[in-house]
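Note sheet for the following structure.
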Amino acid sequence: MKKTVSRPAQRKAPASHPLQANAMSGTAAGKSQQPPTFQLKASQDTPVQRTIGSYVPNRTLACTTKAMRGLGPQQMKIVQQLHDDPHNHYTIDQARAIATGVSQQSNPFEWDVTGLGSYLTPDAGVQDILNNFGHPTSSVVKTYDDLASRVGHDVGKWGTGALSPSTVTDLHQMFEASAPLHLGLNPYMNAAWNGNLASYSGGKTGIPLYSVGRSKMTKDFEAEDLGTVDLNSVLKAVSGRPFEVHHLLYKSLYPQHATNTSNLMLTERSRKESVEGPGQHELMHKVSSGNHKNKFKVELDQFKDEYANWVHSKMGDNL
C-alpha cells in the first residue's frame, strides 16, 4: 500500500597473471608484460577503463575510487597498469582479483561516485564518508533506476502487490551498500549525532529536534580537519550544495523516527536533477517510492517493511 544479503564467499583467482605474481613477490611489474584479455561477463559489470565517466583513460586513478579502495601500494600499481592497458577492458572485480589474488563479487549497489578528492584519514568512519559520498556514476544510477522500476512493477498500480524474492534480495543489498554512510553503522557519525542529542538541553522533540541535530552535524564536519581543508568543505565541493541527512522512512510519514540513527543516512543531493541527473538522495527516494512521479512524498509499505527487517537483523533495532 502506498503512503502520501550477504556477500558471496571469496575464492582464489588464478595466480598465473604476471602482474599478480609480481604483487605477491613484491617486485614491480615490467612494462613489457602484457595482461591477458578477459571476456566481460555482462553489461552490468563496471569496466575499470573507459565506461565510467570518472575513470578517464590515461589518468591516474585516485586511491578513493572503488577500484583502488583498501589496496596496498603495489596492488594499486597493478590496477593502474591494467587501467592504462590500451588493448583490454577489465571490470573492477577482475582488476582487483588480479591485483590481490582473491576474487570477490562486489555489491552492485555500492556507491561509485564522481568528484572524489584523494583525502586519507586514520578515522575509518570519516574515510568511509570520503569514499562513498558524492554524485553517482551513470552505472550506479542505472542500477538504482532498475531496482526502483522493479519495486514499482511488483507492487502494481494500486501499490498492493508483494515484492518478488529477487527484488527483496536486491533491496537488502542496497541497504548493505548504505552502511558506510548510515548513521546507525558509521561509528564517527553515530557518536557525533547521539552525542549532540544527549547534550541538547532544550525542549524540542521529533522533527524540530532533527533540525537541531542536522545543524550540529554541520559544525562537527566543519571541525573535522583533513589537513588543508575541513570535511564539510570537501562534501560541499563534491556535491555543490550542503550534504543531506536522509530519512529512509520519511520524517513526514514517520516523525517518531525523525532523530533515530537507525533511520538516517548521509547522502549527496543533486543540484538540479533535470540537468545533472539524480544524486544519492534522489535515487533512494526513487527506490522507496517504486519510481513514483511524486517520489519525495510517496513511500511504499513494502519498502518500509523490508527496511525494518534489515534494520532489525543488522542493528537489533525495531522501526
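The values are calculated or read from the model by the stated rules, or taken from the named source; none is laboratory data. In this text, all values refer to a predicted model and were calculated from it rather than measured experimentally. Counting neighbours? That spans all protein chains shown, and the Cβs are built from the backbone with ideal geometry, glycine included.
Just give me the residues in the stretch 129-170 being of a type in the set (D, E, K, R) and modelled with pLDDT of 95 or more, in sequence order.
Selection gives K142, D145, D146, R150, D154, D170.
Of the conditions (1) touching a strand residue (DSSP E or B) at 6+ places or on another chain (Cβ under 8 Å); (2) farther than 20 Å from L197 by Cα, V275 satisfies every one except a single condition; which number is it?
Just one mismatch for V275, condition (1).
Condition check ((1) more than 16 Å from N132 (Cα to Cα); (2) basic (K, R); (3) at pLDDT below 50) across all residues:
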{"residue": "D45", "(1), (2), (3)": "yes, no, yes"}
{"residue": "I52", "(1), (2), (3)": "no, no, yes"}
{"residue": "K66", "(1), (2), (3)": "no, yes, no"}
{"residue": "V79", "(1), (2), (3)": "yes, no, no"}
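Can you name the condition, by its number, that G202 falls short on among (1) outside any helix (DSSP H, G or I); (2) within 19 Å of G279 (Cα to Cα)?
In the conditions (1) outside any helix (DSSP H, G or I); (2) within 19 Å of G279 (Cα to Cα), G202 misses (2) alone.
Does L61 meet the test of being touching a His at 6+ places or on another chain (Cβ under 7 Å) and either among the aromatic types (F, W, Y) or on the phi < 0 side of the Ramachandran plot (or both)?
Criteria met by L61.
Among the residues of the stretch 101-118, are any among the polar types (S, T, N, Q) and at pLDDT 85 or above?
Yes, there is a match, as at least one residue in the stretch 101-118 is among the polar types (S, T, N, Q) and at pLDDT 85 or above.
Here's the yes/no breakdown for (1) of a type in the set (D, E); (2) modelled with pLDDT of 95 or more; (3) within 18 Å of M174 (Cα to Cα); (4) surrounded by 22 or more Cβ atoms within 10 Å (Cβ to Cβ):
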site	(1), (2), (3), (4)
A237	no, no, no, no
L248	no, yes, yes, yes
K251	no, yes, no, no
L264	no, yes, yes, yes
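Any idea which residue in the stretch 94-144 is nearest to the chain's Cα centre (by Cα), counting only those that are part of a helix (DSSP H, G or I), within 25 Å of P187 (Cβ to Cβ) and of a type in the set (G, A, S)?
Once the filter is applied, the top-ranked residue is G125.
When you scan the stretch 110-147, how many residues do you find that are surrounded by fewer than 19 Cβ atoms within 10 Å (Cβ to Cβ) and either among the aliphatic types (A, V, I, L, M) or touching a Cys at 6+ places or on another chain (Cβ under 6 Å) (or both)?
Qualifying residue count for the region: 4.
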